[in-house]
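Heads up, the thing below is written out as structure tokens.
Any read-out appearing in this document is the output of simple, stated calculations on the displayed coordinates, not a laboratory observation. A quick note: this is a predicted structure, and the numbers were derived from the prediction, not measured. Ideal geometry is used to build each Cβ from the backbone, glycine not excepted, and the neighbour counts take in all protein chains shown.
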Amino acid sequence: MNILVVGLNHKTAPIEVREKIAFGGAKLEEAINALKKSDTVKENIILSTCNRVEIYAGVTDIGSGTESIKDFISGFHNVPRDLLDKSLYFHSGTDAIRHMYRVASSLDSMIVGEPQILGQLKDAYDEALKYKSTGVVLNKLMRKSVSVAKRIRTETKIAESAVSISFAAVELAKKIFDDLPTKSFMLLGAGEMAELAARNLINSGVRDVLITNRTIARAEELALEFHGKVVPFENFINELAHTDIVICSTGAPHYILSKDQVHRTMKERKQKPMFIIDISVPRNIDPQINDLDNVYLYDVDSLQGVVETNIQERAKEAEKAEQIVDEEIGAFLRWHASLAATPTVVALRNKAEEIRKAEFEKTIKKLGPMEEEKIKAIEYLTVSIVNKLIHPPTAALKSDNNDKEAMMDVIRKLFQLETEKGKDE
Amino acid sequence: MLLFELALTFYFIATISGVIEIFRGKKDTSKVSLYLSIIGFAFHTANIIVRYIEGGHIPITSMHEAASFFSWCVLILFYIHEFKYKLGLLSSFILPIVFLLMFSSSIFPREIKVLSPVLQSYWFGIHTILAFLGDAAFAMACGIGVMYLIQERNVKSKHLSMLFQKLPSLQILDEINYHLITMGFPLLTLAMITGVVWANSAWGTYWRWDPKEVWSLITWIIYALVLHLRLTVGWRGKKAAILSIVGFAFVILTFFGVALILKGKHVFM
């Protein structure tokens, strides 16, 4: 059995292609079952996320397996093969194992270290289990991938620190304020990124939410979503005296908050700290406000700076993770090789048993009628001779050994097991 | 005394490992410095008990004993805060203060003195314990003030290092700093009141403009200002942190400087 990965991801295919071959919802069940019927593809798991579509397979032959999976994708989604061939990659053997480990531990993700992919992979596996499309090899590989991903998460800092602007804002808020749930928050304007940051803040426990926007209808819409209170745009400065966190993203072409205004606000709030995030471009909040005591102002660039430091940090950790992947590949290969040796061991046993039985019967016939006890003794003799003879070679085949391939070859030749070969290659 | 040397040695190693922890690029803070300090603290406590038994009074009648007892009080407050708040890197900023106090203690002569008759009063215990606990609270406030300033600088400068991840939030540092000063200030006030009452019963005058008295008054005024400014105009955060460091500088000056350079009744030697 050979391991094979055929698929595409955000690096090899644009969204237009990815969306065409996504296996969503009911399509997934259909696809798994269709693929199960294939002669070459013995096991399959289909992973379909917004950034990647991949089929993990156990196949009898790499070449024909790859072709039949490619044909399957093309046929199933009715997408021409030549369009697919440009985007599809395939890995087999060690590379396939490495690929699966890297996907599971989020080393292959658009944002390295993002945690969702492991869950998505587990879901894909659950689907495969539901429709019984996996066997010994993929089951083992899947379990191993999950444990490798977990090992990487605990032994490296790959998933630590925020790598998106909206999460960086929350991370900062937690270092300025100790208890976010007691803090109040104002969303000023309604840019997409600001909304995302607002959602993250609310997920971190901020409950007291104020929303203001030039178009009141939009403000009301957001207030409903965030369980917040609408503040008229003209009044927002008055509300700042009891607002701890401000996220600003209006379309205004100028500053809507000056240093003087914030200076007055800070006096009014007796210098209680304030965290202001200005996501608007052009900026809406006077950058000099950061010079005031107890006011912390971050704009898009400074948040981006934070994110970049974190990304560099992750890149360093990713190197350590790759080493772990390499180590773990060895472990899987040893297991897989022991699996490959099993047919040879069985063939050797069968052959020996065949010879023993034939010779034993021949001898019994020659010797003529005999007491049951003596026949038993002779049979016992043959069995123990055979067992003692084949024990060392079978033990060697089952053990961890580097030149197992060569050994299997030699044993097949010596014992003329040739006929069995090819069947399991 | 061997117990003292052992305590000093453990505080030294604990301080070094605490300082290393500041620069170590790991997010999880190790507790090694805390545990080392606890071993040191055990020897230190034994040392104080031995001296108490031998001298028959709280061992604070020489510079050696006073500085040692001071650092012991700081540690008690440190452990209370460490276990209550579990602030990242607290030991890295408090243990150096503890060690320096202990180190200065080691410089002074160590013989146990007989308590002079004028000090043999129940006021002696009350007055000194109040003063030492107040000073210990100010020492903690100073260490936490330094932590605040570093973290504030991290957030303001927008350069978020690993140290940023490890240090606690600005709010909690500011709150604990404030709470330590609200604890230290009444202790200092009470120490001064008991001192005045005791002075009257011992020498017949309440206030004699002894250098220690003058400098204590200055220290008291500084901390009174810290609290006043915070409550009226909101001098919190950075300003409060700086003031708590300045205040502690005066505490140290009063503690060592006045006793060593300007002689007065509080001079033990």
Inset, instruction - Report the calculated FRET efficiency for A:Q416 and A:T363 (r = Cβ-Cβ distance, R0 = 22 Å), to the nearest 0.05. - result: 0.45
Legend entry - Two-site label geometry, A:K174 and B:T45: point separation in nm, points 7 Å out along Cα→Cβ: 3.5 nm
Inset, instruction - Along each of the three principal axes of the Cα atoms of segment B:1-58, give the extent in whole Å, ordering the values from largest to smallest. - result: 49, 15, 13
Legend entry - Nearest-ten-degree value, helix B:237-252 long axis tilted from longest Cα axis of chain B: 30 degrees
Legend entry - Protection proxy ranking of A:43-56, B:133-146, A:230-243 - average other beta-carbon atoms within 10 Å, highest first: B:133-146, A:43-56, A:230-243
Legend entry - Averaged over A:169-178, number of beta-carbon atoms from partner chains that fall within 10 Å: 4
Inset, instruction - Return the average number of partner chain Cβ atoms within 10 angstrom of each residue Cβ along peptide B:161-173. - result: 4
Inset, instruction - Grab the DSSP H runs of chain A that are 4 residues or longer, score each as -39,500 (n - 2.57), total them, divide by all residues and round the 222 nm result to the nearest 500 deg cm²/dmol. - result: -19000 deg cm²/dmol
Inset, instruction - Compute the acute angle (0 to 90°) between the alpha-carbon long axis of helix A:136-155 and the principal axis of greatest extent of the alpha-carbon atoms of chain A; round to the nearest 10°. - result: 40 degrees
Legend entry - Partner chain coverage, peptide A:247-255 - average Cβ within 10 angstrom: 0
Inset, instruction - Give me the percent of DSSP beta bridges within the protein assembly as shown that run antiparallel, rounded to the nearest 5. - result: 45 percent
Inset, instruction - Quick one: what are the phi-derived ³J(HN,Hα) couplings along segment B:196-213, Karplus 6.51/-1.76/1.60 with θ = phi - 60°, whole Hz, x for glycine and proline? - result: 5, 5, 5, 4, 5, 6, 8, 10, x, 10, 6, 9, 10, 6, 5, x, 5, 5
Inset, instruction - Report the residue, chosen from A:Y131, A:Y89, A:Y380, that carries the largest GNM mean-square fluctuation when chain A is represented by alpha-carbon nodes joined by springs under 10 Å. - result: A:Y380
Inset, instruction - Would you kindly derive the ³J(HN,Hα) couplings of segment A:192-206 from the backbone phi angles with the Karplus curve 6.51 cos²θ - 1.76 cosθ + 1.60 (θ = phi - 60°), listing them in order in whole Hz, with x for Gly and Pro? - result: 5, 5, 4, 4, 4, 4, 4, 4, 4, 5, 5, 5, 7, x, 5
Legend entry - Cα-based convex hull volume of segment A:2-159 per residue, rounded to whole Å³: 97 Å³
Inset, instruction - Starting from the Kirkwood radius over alpha-carbon pairs of segment A:177-333, derive D by Stokes-Einstein at 20 °C in a medium of 1.002 mPa s and give it in µm² s⁻¹. - result: 125 µm²/s
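Can you tell me the FRET efficiency between A:E354 and A:H77 if r is taken as the Cβ-Cβ distance and R0 is 56 Å, rounded to the nearest 0.05?
Efficiency for this residue pair is about 0.65.
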Legend entry - Compactness of segment A:341-420 as Cα Rg over 2.2 N^0.38 Å, two decimals: 1.33
Inset, instruction - Can you tell me which of A:341-348, A:186-193 comes out highest on packing, and rank the rest after it, using the mean Cβ neighbours within 10 Å? - result: A:186-193, A:341-348
Inset, instruction - For segment A:1-59 and segment B:79-95, write down the distance between their C-alpha centroids in whole Å. - result: 53 Å
Inset, instruction - Any of A:K365/A:K398; A:K175/A:K316; A:K365/A:K413 with alpha carbons more than 26 Å apart? Name them for me. - result: A:K365/A:K398; A:K365/A:K413
Inset, instruction - Can you grab the distance from the C-alpha centre of segment A:172-233 to the C-alpha centre of segment B:162-222, Å, no decimals? - result: 43 Å
Legend entry - Cα Rg over Rh - the protein assembly as shown, Kirkwood: 1.18
Inset, instruction - Please list, or write none, the lysines whose alpha carbon is within less than 19 Å of the alpha carbon of A:K42, excluding same-chain residues fewer than 8 places away. - result: A:K70, A:K130, A:K132, A:K140, A:K421, A:K423
Inset, instruction - Return the Cα extents of segment A:233-283 along principal axes one, two and three, sorted largest first, each rounded to a whole Å. - result: 30, 18, 18
Legend entry - CD proxy at 222 nm, helix term only [per DSSP H run n ≥ 4: -39500 (n - 2.57); per residue of chain B; nearest 500]: -26000 deg cm²/dmol
Inset, instruction - Using only Cα atoms, find the angle between the long axis of helix A:62-77 and the longest principal axis of chain A, and express it within 0 to 90 degrees, rounded to the nearest 10. - result: 50 degrees
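What's the local net charge at A:T49, with K and R +1, D and E -1, over the other residues with C-beta under 10 Å away?
Residues near A:T49 contribute 0 overall.
Could you tell me whether chain B comes out rounded, prolate or oblate from its Cα gyration tensor? Rule is a ≥ b ≥ c as square roots of the eigenvalues, rounded for a/c under 1.5, then prolate if a/b exceeds b/c, otherwise oblate.
oblate
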Inset, instruction - Would you mind computing, in nm to one decimal, how far apart the modelled labels at A:A377 and B:S121 are, each placed 7 Å from Cα along Cα→Cβ? - result: 11.4 nm
